[in-house]
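Here the structure is laid out as structure tokens; the discussion comes afterwards.
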Amino acid sequence: MNLASLSPVEETKRIIYLDVIRGIAILGILLMNIYNFGMVSYLQDRSGIYEGLRTLNFNIWFLGNVFIDGKMRGIFSILFGAGILLFASKADKGTTGAHYRRMLWLLIFAFIDIFVFLWKGDILHEYAICGMLLFPLRKLKPIYLVTISFLLLTFNIYYQSSGYIEIHELRHSVLESDSLLAKGKTLTKKQDDDKKHWERILGSRLPLNDAAKYRNDSTYTKECSMRQGGYVKNREDVIETAQILKDPEYYLGFLPEIIAILLGMALFKWEIFSGTTRRRNYFLLCLLGVIGLGFQFYITSVTPYTQTDLVNFIDKGNVFIAFSDEFIRISICLGYIGVIMLVCFSGRMQKLKHFLACTGKMAFTNYLMQSIICTFIFNGYGLGLFAKLQRYELMFVVVAIWIFQMAFSTLWLKRFRWGPMEWLWRSLTYWKRIPNKI
């Protein structure tokens, strides 16, 4: 089929609910990504803990872990799966190649995001690769897609929990070694190595209110020096970090995205996003989310002890955390989708939904824009604010970017059909200039 005869999905075929949910997800992702942009890696998940319980920073960390962390990215991945099928409604007419060109261009944009915009936390490359791998499954029945998703979820839980199992076994090995030493016996080389390994693990944990110790650590000062340096220095750091792309095990980290994308494809086939399915199905999704949030609250409540009192945490046998996290994250994502859909049906908050829909319709542009804005704010070739703002202060940066992106997206779409990057992506996919002005 001639490329010139192909065209993008018509505006009338868009599902407005997808845009609203996508808008919430792209803004919510920034709430977590801001820590990668603005804080040293060791303290991104820990500063709220080490700076003291029940402080403002701790409360922000706690709420973020319960309601946001992993959930917005999960929703975005689910929507990506739905988007594959929305695109496939045209691709099935003999234009499957357009999908792979689309994913190839997405991968190119991902490399630009990483190596030009210098965003080490880019997720576009994962979507591009997953989109290529999963497209052949688009014709499967929803139940089969969910079954594959569930099987992969089970495998991923086993894979992710292996670290906890190893450290649990290490702890018991050390206890046995301590007992032998108390009896005056000599340890084997393995027992001695295990004991040293355990001491190193404990040494990596800081007591509460002791984050200042880490700020004097050479790793901390090295990272600050790198990020507060110029463009060339930051790019060297990104290139060094990107070497992980050569490690085959790195790609196992794509499993959460694959699981969510498959689930999104199933939900699309079940007409969850079109709003034509029964209302009770959305309430069931909400119920899943409530249950998930309850478990997530418990997990987040005990998480500080994994960082500050690891011995007590392991001895209490908190195996539940290691084996349930992925199930909980997915259930909360589904719950959020159910809530958002019900709010959309209610007819309330029309102006807010319009702003969010515009932001979601320009999600690709807004994602790349977040990379450009935040690397400029925090890296040394820009404002150089890396490691200079506390967790609560970073929230002001997030809100400012939110306001700007919602306003920009709304104003842009008054004159154009698609955002600038969406338009470029479509034009490159179909290899022709797509009219964009309204």
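The values are calculated or read from the model by the stated rules, or taken from the named source; none is laboratory data. Predicted, not measured: the structure shown is a model, and the values here were computed from it. So basically every Cβ, Gly included, is an ideal-geometry build from the backbone, and we count neighbours across all protein chains shown.
Some points to look at:
- Helices (runs of 4 or more DSSP H) lying entirely in region 154-244 (those with 2 or more residues that are modelled with pLDDT under 85): 189-203, 211-215, 218-227
- Subset tally (residues that are more than 18 Å from Asp122 (Cβ to Cβ) and either without any contact (Cβ under 8 Å) to a residue 40 or more places away in the chain or β-branched (Val, Ile, Thr) (or both)) for region 352-381: 2
- Region 323-363, residues that are crowded, with 22+ Cβ neighbours inside 10 Å and aromatic (Phe, Trp, Tyr): Tyr336
- Residue match in region 370-381 (condition: under 30 Å from Tyr100 (Cα atoms) and surrounded by fewer than 16 Cβ atoms within 10 Å (Cβ to Cβ)): yes
- Thr410 falls short of the stated requirement of being modelled with pLDDT of 95 or more, of a type in the set (S, T, N, Q) and either crowded, with 20+ Cβ neighbours inside 10 Å or under 19 Å from the mean Cα position of the chain (by Cα) (or both).
- The residues listed here are Asp113, Asp122; of these, the one that is under 18 Å from the mean Cα position of the chain (by Cα), in a loop (DSSP other than H, G, I, E, B) and closer than 30 Å to Tyr35 by Cα is Asp122.
- Tally of residues being within 16 Å of Ser77 (Cβ to Cβ), in a helix (DSSP H, G or I) and either β-branched (Val, Ile, Thr) or in contact with a Lys or Arg (Cβ under 9 Å, 6 or more places away or on another chain) (or both) across region 245-289: 8
- Note on region 89-100: among residues that are surrounded by fewer than 19 Cβ atoms within 10 Å (Cβ to Cβ) and not β-branched (Val, Ile, Thr), the one that is modelled with the lowest pLDDT is Asp92.
- Identity of the residue in region 343-379, modelled with pLDDT of 95 or more and assigned to a loop (DSSP other than H, G, I, E, B), that ends up farthest from Asp19 (Cα to Cα): Asn379
- Residue match in region 69-88 (condition: of a type in the set (D, E, K, R), assigned to a helix (DSSP H, G or I) and closer than 30 Å to Phe376 by Cβ): yes
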